[in-house]
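The values are calculated or read from the model by the stated rules, or taken from the named source; none is laboratory data. Quick caveat: nothing in here was measured; it's all calculated off a predicted structure. Neighbour counts are summed over all protein chains in view; Cβ atoms, including those assigned to glycine, are modelled from backbone coordinates with ideal geometry. When the accessible area is computed, the model is the full protein with side chains, heavy atoms only, and any ligands, DNA or RNA have been set aside. Shrake-Rupley method; radii C 1.70, N 1.55, O 1.52, S 1.80 Å.
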Amino acid sequence: MTSSNSSSIQWVAPNQTRILPNIVTNNNWIVFNVDEFGFYRVNYDQANWKLIIKQLATDRRSFSIVTRAQMIDDTFNLARSSDLNVTFALELATYLINETDYVPFRTFSINIYYPLVMFSQNPDGVDYQNMQKFIQNLEEKQYNSSVFSMEQELQSLDYFTRQLRAMVISDLCANGYDRCIKDLVEKYGQWRSNSTANPITPDIRTVTYCQGIKNGTMQDYENMKTLYKESNDQVEKNRYGYALTCTRNKTLLEELLNTTLGNDYIRLQDASRFINNIRLQPGGQKLAWNFISQQWKELVHVFGSISFTLSDIVNNVLEYMNTENDLQAVQKFMKETDDLSLAERAFLSSIEKIKANIRWMNTIGLDTSTWLKNYLPKINMNS
């Protein structure tokens with residue numbers, strides 16, 4: 001597809017090269033694999049990417065919903081493999097300020113997760129805060145639209161709008177958007193006082209519980225723990241359990257981690273989920289690593305005979321470590337630990353992941369950091 005709206009399908013055999021002369025001029029864009037007709041990614045020269053980015057910002061409907069999502073996915077993945085500078089992916093994503101469809105937003109949310117979680121390993125760092133502001137900037141217009149009212153009847157919304165609503169609320173609250181947090185804390189308070197009269201719609205229940213505990217009192221936490229213990233509804237029980245891991249109280253998180261070993265109100269089969277949810281909280285990675293490194297013998301005793309559980313815990317806790325200090329700490333632990341049990345292979349594969357994360361931080365991460373520092377002042381000037 002070209003800027004003149006001409007489109008055609010041509011088949012190219014494996015390992016074949018085909019030159020298509022004089023399709024567009026230097027000032028016109030061209031897009032291949034429209035609507036992801038084929039299962040492959042497409043990279044372009046920098047000039048064509050710039051033309052596409054400009055067109056998206058001018059009139060996103062020049063491209064279909066699927067093609068818009070495809071270009072977001074392609075740019076971020078090409079950047080991850082170092083086939084394209086990440087600044088093109090970030091610049092392309094800025095058009096989302098005016099996007100209204102779920103699929104492109106969802107594609108962005110999935111692809112921005114890795115850079116976000118990389119920076120979140122230092123939750124007080126400027127890079128993490130800048131990434132959060134970037135996400136807020138792209139999604140806050142959707143949040144402030146009328147369909148995102150907390151009083152909106154979901155039955156009046158189509159499926160994709162409901163999905164977009166839930167995703168944006170989850171993204172913005174998780175990334176510090178004040179209005180979102182205020183709205184959900186208020187909604188949580190109403191539900192807490194009378195859950196029958198003030199039910200929370202299922203699509204935002206998990207994030208509302210989380211924000212209620214994160215910004216609530218010790219009494220809120222104890223009430224949520226009671227709900228978790230007493231619930232026989234597994235879906236709700238999982239939501240309650242996740243909410244417990246949202247607390248900012250380090251002591252309570254450490255208590256939760258230790259409780260996973262006791263087969264008390266947290267069953268052994270749920271232990272891996274709790275540990276995983278804690279490590280995904282900003283700053284939670286270090287807590288989870290301290291727990292497994294200090295309690296390793298007990299973990300082996302409790303989970304060593306349960307297929308995959310110990311390996312899953314190791315894979316999850318080490319997945320996003322991204323500093324040389326992290327790498328050295330894990331290598332030292334492996335060297336000094338006599339019995340790595342069934343998780344030995346998980347430790348070895350995690351070492352390679354940590355090395356890859358460090359490479360990302362030192363290359364793509366630096367480019368991302370620089371771009372964010374240059375982009376955010378422009379937002380403030382235009383707001």
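Checking the table LYS133/LYS182; LYS250/LYS353; LYS54/LYS378 against a 22 Å threshold on Cα-Cα, which pairs fail?
Values: LYS133/LYS182 17 Å; LYS250/LYS353 27 Å; LYS54/LYS378 17 Å.
Beyond 22 Å between Cα atoms: LYS250/LYS353.
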Highest GNM mean-square fluctuation, the chain, Cα pairs closer than 10 Å: which of SER156, SER82, SER293?
SER156
Relative contact order (%) - the chain, alpha-carbon pairs under 8 angstrom, separation at least six
13
Relative to the longest principal Cα axis of the chain, at what angle does helix 324-336 sit, 0 to 90 degrees, rounded to 10?
50
Out of MET218, MET167, MET71, any idea which swings most in a Gaussian network model of the chain, alpha carbons joined below 10 Å?
MET218
In terms of Cα to Cα distance under 14 Å, which aspartates and glutamates are near enough to LYS355, apart from those fewer than 8 places away along the same chain?
GLU319, GLU324, ASP326
As I understand it, the value is the acute angle between the Cα axis of helix 364-382 and the longest principal axis of the Cα atoms of the chain; what does it come to in degrees, rounded to 10?
80
Karplus ³J(HN,Hα) for the range 44-55 (6.51 cos²θ - 1.76 cosθ + 1.60, θ = phi - 60°; Hz, whole; x = Gly/Pro) runs 10, 6, 4, 4, 6, 4, 5, 5, 5, 4, 5, 5
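So what is the 222 nm mean residue ellipticity for the chain from helices alone, if each DSSP H run of at least 4 adds -39500 (n - 2.57) and you divide by all residues, rounding to the nearest 500 deg cm²/dmol?
On the way: 18 runs with 242 residues, N = 383.
Roughly -20000 deg cm²/dmol at 222 nm, from the helical runs in the chain.
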Reviewing (1) 81, 51, 38; (2) 70, 56, 40; (3) 65, 40, 38, the figure for Cα extents along the principal axes in Å actually calculated from this model sits under (2)
Compute the longest continuous run of the chain that contains no exposed GluC sites (Glu not before Pro); treat a site as exposed when its DSSP state is not H, G, I, E or B and it has at most 11 other Cβ atoms within 10 Å.
154-383
On the full set of protein chains, 1.4 Å probe, figure out the accessible area of ARG192 and give it in Å² to the nearest 10.
70
Cα long-axis angle, helix 178-193 against the chain (0 to 90 degrees, to the nearest 10)
40
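Label the range 43-99 by shape, choosing from rounded, prolate and oblate, from the square roots a ≥ b ≥ c of the eigenvalues of the Cα gyration tensor; if a/c is under 1.5 it is rounded, and otherwise prolate applies when a/b is larger than b/c, oblate when it is not. List each step's numbers first, then the result.
On the way: a/c = 1.79, a/b = 1.57, b/c = 1.14.
Prolate, since a/c reaches 1.5 and a/b exceeds b/c.
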Whole-Hz couplings from phi, Karplus 6.51/-1.76/1.60, listed for the range 56-66; x for Gly and Pro:
4, 5, 7, 7, 4, 6, 5, 10, 5, 4, 5
For TYR320, residues with placed amide H under 5 Å, excluding near neighbours
none
Per the charge dipole of the range 44-114 (beta-carbon charges, Lys/Arg positive, Asp/Glu negative, Cα centre), the residue among ALA79, TYR44, THR58 reaching farthest to the positive end is THR58
With all protein chains present, the range 224-383 has a carbon and sulfur share of its accessible area (1.4 Å probe) in percent of 47
